[in-house]
Amino acid sequence: MSLQVRNLDWLRRLKVDGAPEIGARLHEMVNDLVRGVNTLESQTNANLDGQPAPPPAIQGVNVVPHPQGVDISIQHDGNFYEGLGYYVDYADNPHFQNARTQFIGDSRNHILPVGNWGGYYQVRAKYPTGVSTAPVIFGGPVPRLVKGGSVSTVSLLPTQGAGTTRRGQPPGFGSSFRSANGAPPVRGTQ
């Protein structure tokens with residue numbers, strides 16, 4: 001949501017004896033400030049009207065054993081802005097009590113080095129200044145246990161991209177947002 005400043009037309013028409021251009025100059029200055037704040041809002045994924053809404057929901061997660069732990073692949077095809085970060089929560093129980101959280105940045109693939117430990121996994125996404133999406137649990141309503149390090153050969157899960165790139169795109173080729181129609185996603189509040 002862009003910064004809205006009231007009374008700009010009144011300010012532009014303001015006249016003061018000895019400084020007839022003061023209204024026009026103040027109007028210019030306020031407009032410059034508004035442009036700067038709106039740019040900052042866009043670059044930081046902030047919302048000037050309140051707490052930013054979480055990103056769109058994650059569609060799924062896959063977790064498979066890897067010789068060093070587990071290989072995690074997050075399916076997230078929604079429309080969102082850059083700056084989105086992903087989190088993996090893992091625990092030794094399907095209720096995620098006393099879970100650990102690992103921030104994995106903007107990549108939707110990660111090798112979590114848990115060795116041969118067996119655990120349950122869920123993922124979330126959030127902007128730095130917002131709240132996270134609802135967690136998506138590997139296995140769905142009945143979480144599935146994954147024992148890490150239980151394979152000797154490496155076959156990585158397909159890449160899901162990073163940042164605003166899509167599956168299969170090389171890193172660094174995303175834009176400041178990702179959408180199906182080419183227009184920036186609508187920023188909401190929670």
Among the residues of the stretch 54-67 satisfying the criterion of being within 21 Å of the chain's Cα centre (by Cα) and part of a strand (DSSP E or B), which is farthest from residue 158 (Cα to Cα)? 60
Tell me which strands (runs of 3 or more DSSP E) are completely within the stretch 68-113 and hold 3 or more residues being farther than 29 Å from residue 185 by Cβ and at pLDDT below 95, or say none if there are none. none
What are the residue pairs meeting all of these: first residue in the stretch 170-190, first residue modelled with pLDDT under 70, second residue of a type in the set (Val, Ile, Thr), Cβ atoms under 7 Å, and 6 or more apart or on different chains? 171/165; 173/165; 174/164; 174/165; 175/164; 190/131
Here are some residues: 142, 151. Which one is at pLDDT below 95, among the β-branched types (Val, Ile, Thr) and part of a loop (DSSP other than H, G, I, E, B)? 151
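State whether the residues of the stretch 46-60 include one that is of a type in the set (Val, Ile, Thr), modelled with pLDDT of 90 or more and either in contact with a Pro (Cβ under 7 Å, 6 or more places away or on another chain) or surrounded by 11 or more Cβ atoms within 10 Å (Cβ to Cβ) (or both).
First pass over the stretch 46-60, keeping only residues of a type in the set (Val, Ile, Thr): 58.
Those left that are additionally modelled with pLDDT of 90 or more: 58.
When the remaining residues are screened for being either in contact with a Pro (Cβ under 7 Å, 6 or more places away or on another chain) or surrounded by 11 or more Cβ atoms within 10 Å (Cβ to Cβ) (or both), the result is 58.
Yes - at least one qualifying residue is present in the stretch 46-60.
Within the group 66, 95, which residue is farther than 30 Å from residue 183 by Cβ and buried (at least 21 other Cβ atoms within 10 Å of the Cβ)?
Sole residue among the options that is farther than 30 Å from residue 183 by Cβ and buried (at least 21 other Cβ atoms within 10 Å of the Cβ): 66.
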Restricting to the stretch 23-63, give me the number of residues that are touching a residue at least 40 places away in the same chain (Cβ under 8 Å) and basic (Lys, Arg). 0
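The values are calculated or read from the model by the stated rules, or taken from the named source; none is laboratory data. These figures come from a predicted structure and were not determined experimentally. Positions of Cβ are generated from backbone atoms using ideal geometry, with glycine treated the same way; all protein chains shown enter the neighbour counts.
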